Structures are given as structure tokens and as C-alpha cells.
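Before any comments, here is the structure.
Derivation of every value follows stated rules applied to the coordinates shown; laboratory data play no part. Keep in mind the model is a prediction, meaning the values are calculated, not measured. Neighbour counts are summed over all protein chains in view; Cβ atoms, including those assigned to glycine, are modelled from backbone coordinates with ideal geometry.
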Amino acid sequence: MLKKVLVANRGEIAVRIIRACREMGIATVAVYSDMDKDSLHRRLADESVCIGPANSVKSYLNVKNIIEAACLTGADSIHPGFGFLSESPSFAKMCTEIGIKFIGPSSELIELMGNKSKAKETMKNAGVPVVPGSDGLVKDINEAKKIAKQIKYPIIIKASSGGGGKGIRIAYSEEELVKEYEIVKHEAKVSFNDDSIYIEKFIENPRHVEIQVLADEHGNVVHLGERDCSVQRRNQKILEETPSMAIDSKLREKMGNVAVNAVKKIGYSNAGTIEFLVDKNKNFYFMEMNTRIQVEHPVTEMVTGLDLVKEQIKIASGEKLGFTQKDIEFKGHAMECRINAEDPEKKFMPCPGKITGLHLPGGNGIRVDTAIYSDYTVPQTYDSMIAKIIVHGKDRDEAIAKMKSALAELVVDGITTNTDFLSKILDNENFRKNKYDTSFIKKEFGL
Ligand code: ADP
Ligand code: ADP
Ligand code: MG
């Protein structure tokens, strides 16, 4: 078993990983920026090392300083969390080369899946249905026009290195394509330093349904069911739930099998998520694979009783999965809300600042993953997600009732959050009746 894990992240996910290590008797090293000197993840870890100034390029993305911190403290492994270096093939490779275990898949697979266009091609060859679109990258606007004509508008233009909902635009006509193509190219260059682009058919009113997989380093693979992440604003997830009410047990099994077979075929190991779109006619299409732990992993934990971070660590330690597909049972219904320090009244502008009073909800079936505390100052430098509330009920109605109650109890004084907006979603009649898809927030709230 790994003995000392350096957590190359911050915020709630760093705390989440440190807790798992502590429960397993594994020592932890936190890394932090100057800005995060009073952060919870630093306080909870056994040791901590400052890796640079607030700017994440110089700290949480500073490969040299992070690796040095690992060597200095004698860490035998690094958990990258999500965001930051979690999908950096060069970072994973460097860790491996100096004998530090990267808790995740191989750098080759991170690279392959991080290139969304290549990932699609690979999955197509592995027998996975993919969204119709360009065969790989489009080299210029003329080629884009040609393909768009073939697959018919509306189409979606995507940055091959994109993530976090960025670098995605829809075009309903050739005129729009010409305009949006340049915008995506520019955004991709600035955000991902890679302006390669691919296009695919825009699936109208789909559900985002993703399959969680776990694969050990001995070829054993299982899936842990799905998560429905269709409640999105600007292609970014806000609320997630499992099971998805958009699929039945037959489709669940089919999607699960497709995911497991694909993972086996590409030789993937550790935790991963295959994201699909499900259309009105229950066709499903591969969208992308995330080669890391995901923000919404707790809903899967609630219904399966498994701890995904511990599983990641066990897999990275070379252990075999301790269960097979038929051992995995799904109980009840789980839901997650992302609490962000942002103002829905002001175009969801980030609202960092000092938390002057705090009350976190609790009770039967309610879990809060967060790194905030009373008197903590939410920095403006990083992501605005400050907490995740996760609930587990016997069915969807009970989960909604629990979430409503938990949100009503939450008090975060001193800063503005999206809590009321989340309550409005839960009160929405169409949401309650399971009549929603990825266009839900736009349609119901005009956002
Ligand atoms: P998930 O897929 O786990 O639901 P998100 O898409 O919300 O996660 O992203 C999780 C975190 O990672 C966010 O902080 C997001 O900004 C960041 N992130 C995801 N992909 C990228 C990327 N390609 N480049 C930079 N940040 C990213
Ligand atoms: P990211 O890497 O930013 O997570 P994804 O490729 O996973 O990007 O897409 C993010 C979201 O954009 C999806 O969850 C979905 O709502 C929407 N989307 C992506 N591709 C399509 C498509 N072909 N048709 C309709 N919606 C799409
Ligand atoms: Mg995605």
C-alpha cells in the first residue's frame, strides 16, 4: 500500500482526499499557495509545503515545485484531484519517471483521452457509438462548412483540448459557423494553448448521462452505474443525480457494458468517467472521457456505498478490485448541488470574500464536502465552487425533499452564493416531473 500521498490540489477535493488517506492510515502532504496559507487542506494534512504565489500557474500548476515538495517530504505518490494537473500527461509522466506513483491512469491514456477528437476516434474503433461529426480535426473553415452541410445544422464546434464547459459553441447556420468558428479558435488558443477544433452534430434536448468506471492494473473493470448531469448552465454542471430517470435498467446495462468493454480495450486503469449524450429516442453517443475523479463522484458513493478515492489509492497501490460487477448494488437515490460563491442576479459573477457566519446542514443522508469555515476568506483567484451538498434518499422525491431542507438550512454570511437559485431548480415543476434536459436552465430561467 502507498505510504505517503502528496495532494496536488486545494479546496474541498484536497480535503476529501486527505480524509480518505487518514482513514486508510496513509500519511499526507498538502501543497498550498501563499494565498492558501490558512486553508483547511493545509491544516488537515500531516505536512504541508508552500509551492508559490496565488497565481495557480506559479503554484498549483507549478510542476517543478510540486515534484520538489514530493521529494523533500518523501511522498511515494501524488493524487492530482480534478482540474489543475489532473489531466496533464506530462506531469503524470514526470511523476512516473522519478518513481512517484501518479494516482490515475497512465500518461499515454491521459494524453489520448485529453485530445477529445482523438478520443472519439479511439472510442469509435472500440465499438462505442459516437456523435456524428468530423473525422478528427477540421483543418480550416472550408472543411468545417463542408462537414456541417453533410451532417446538417445545428452543429457544435469544440476545442479538442477543451474542458470545464469552455471552448464549445453552437451554430444553426453557415453564417453562424463562420462567426463561432473564429471565437472557439481564439478561446481555445487562450485557454488551452491549442486551437485545434472538431465539429459534431448538435444533439437537441439531450440528457447528459455519464458512466463511472473503476479498473485495476490487472485488467479487472467494473462500472458503478450512471450520473445524470443534465442540469447545466453554459455547458457547466450545477446539479447531478443518480440513478438517471432518463434511462431504464436495460439501457443502463447496455451503456455500462459499452463503457466497460471500451475501458478494457484501451487498457485503462484507475477511476474514469465516460460521458454520453442520450437523445429523445434513447440513442446514446460518446462525448468524452474524463481520466480523473469527478466533482460529482459522491452521488455514486451514496448509492453504492463505495469510497471512490480509496478505490483510486488501492488501485494505484497495485491491488486488485475487491469486487466484481455482480457484487455492486445500487440503493436509493442521490443528488448533489454545487454551492458556488457567485451572484445569479449579476450574471453569476464570482463573489469572493470573508465568510462572517456559517452553518452547514446535516442530518440523516446529508453530506457536505467543503473546505470553508467561519472567518475563512474565499479567494478570488480560484474556482468559485465552495461546497457540495450531497443527499441520499430512498427515492427521488425523498432526495429532493432532503436537498430542499439542506439548502434552506445552509447559512453562508458575508458572501453571495447560488443557494437560492438551486432551491428554485428543486421547486421547478418540470424538474420535479423529470421533464428536463441540458437546455433546462436556459428554457426555464432564461440563463
Ligand atoms: P466534472 O467533469 O468533474 O464535473 P468540471 O467540468 O466541473 O468537472 O471541472 C472540474 C474542475 O476542473 C473545475 O474547476 C474546472 O474549472 C476544471 N477543469 C476541467 N477541465 C479543465 C481544463 N481542460 N482546463 C482547465 N480546467 C479544467
Ligand atoms: P467539457 O470537456 O467542457 O466537459 P463536453 O464535451 O463534455 O465538454 O461537453 C460539455 C457539455 O456540452 C455537455 O454536457 C453537453 O451538455 C454539451 N454538449 C457537448 N457536445 C454536445 C453535442 N454534440 N450536442 C449537444 N450538446 C452537447
Ligand atoms: Mg464533459
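In µm²/s, what is D for the range 302-355 at 37 °C and 0.692 mPa s, where D = kT/(6 pi eta Rh) by Stokes-Einstein and Rh is the Kirkwood radius from Cα pairs? The calculation lands on 218 µm²/s.
Each part gets one Cα centre, and for the range 9-62 versus the range 75-152 those centres are 27 Å apart. A Stokes-Einstein calculation at 37 °C with viscosity 0.692 mPa s, built on the Kirkwood radius of the range 203-290 over Cα pairs, returns a diffusion coefficient of 249 µm²/s.
Mean residue ellipticity at 222 nm, helices only, the chain: -10500 deg cm²/dmol; runs of at least 4 DSSP H residues each add -39,500 (n - 2.57), and the sum is divided by the number of residues. Long hydrophobic helices in the chain, taken as whole DSSP H segments with a C-alpha length of 18 Å or more on their own axis and mean Kyte-Doolittle hydropathy at least -1.0: 11-24, 174-192, 249-266, 396-409. Shape summary of the chain, radius of gyration then Dmax from alpha carbon positions: 21.1, 59 Å.
May I ask for the percentage of alpha-carbon pairs in the range 336-379 that lie more than 18 Å from each other? Kindly include the intermediate steps, with their values, before the conclusion.
Working: 368 of 946 pairs.
Percent of Cα pairs beyond 18 Å in the range 336-379: 39.
For the range 261-417, what is the per residue volume of the convex hull drawn over the alpha-carbon atoms, in cubic angstrom? Let's see the in-between values first.
Working: hull volume 27.9 nm³, N = 157.
Cα convex hull per residue, to the nearest whole number: 178 Å³.
Couplings 3J(HN,Hα) of the range 193-207, computed from phi: 6, 7, 9, 6, 10, 9, 10, 8, 4, 7, 7, 8, 6, x, 9 Hz, in residue order, whole Hz [Karplus 6.51 cos²θ - 1.76 cosθ + 1.60, θ = phi - 60°; x for Gly and Pro]. Pairs from the list 326/424; 280/424; 166/424; 118/185; 64/118 with a Cα-Cα gap above 27 Å: 326/424; 64/118. Within the straight-line cut-off of under 13 Å between alpha carbons, the aspartates and glutamates reachable from residue 320 are 216, 217, 311, sequence neighbours fewer than 8 places apart in one chain being disregarded. Placing +1 on each Lys and Arg Cβ and -1 on each Asp and Glu Cβ, with no other charges, gives the range 132-201 a dipole about its Cα centre of roughly 140 debye.
Here is the size of the range 391-432 from its Cα atoms: Rg then Dmax, 11.2, 35 Å.
Among 143-156, 259-272, how do they line up from the highest to the lowest mean number of other beta-carbon atoms within 10 Å? Before the final figure, lay out each step's value.
On the way: 143-156: 16.9, 259-272: 20.4.
In descending order of packing, they fall as 259-272, 143-156.
Only the Cβ atoms of Lys and Arg (+1) and of Asp and Glu (-1) were treated as charged; on that basis the dipole of the chain about its Cα centre amounts to roughly 580 debye. Every Cα-Cα pair in the range 132-201 was counted, and those over 13 Å apart are 55% of them.
Could you pull out the pairs from 158/189; 347/402; 179/346; 347/433; 101/310 whose alpha carbons sit more than 18 Å apart here?
Numbers: 158/189 12 Å; 347/402 28 Å; 179/346 27 Å; 347/433 27 Å; 101/310 15 Å.
Check vs 18 Å cut-off fails for 347/402; 179/346; 347/433.
In terms of overall dimensions, the C-alpha atoms belonging to the range 1-111 reach 36, 32, 24 Å along their principal axes, ordered largest to smallest.
Each part reduced to its alpha carbon centroid, the range 262-335 and the range 195-216 end up 15 Å apart. Considered as an equivalent ellipsoid built on the Cα gyration tensor, the range 332-426 has semi-axes of 24, 14, 10 Å, the largest given first.
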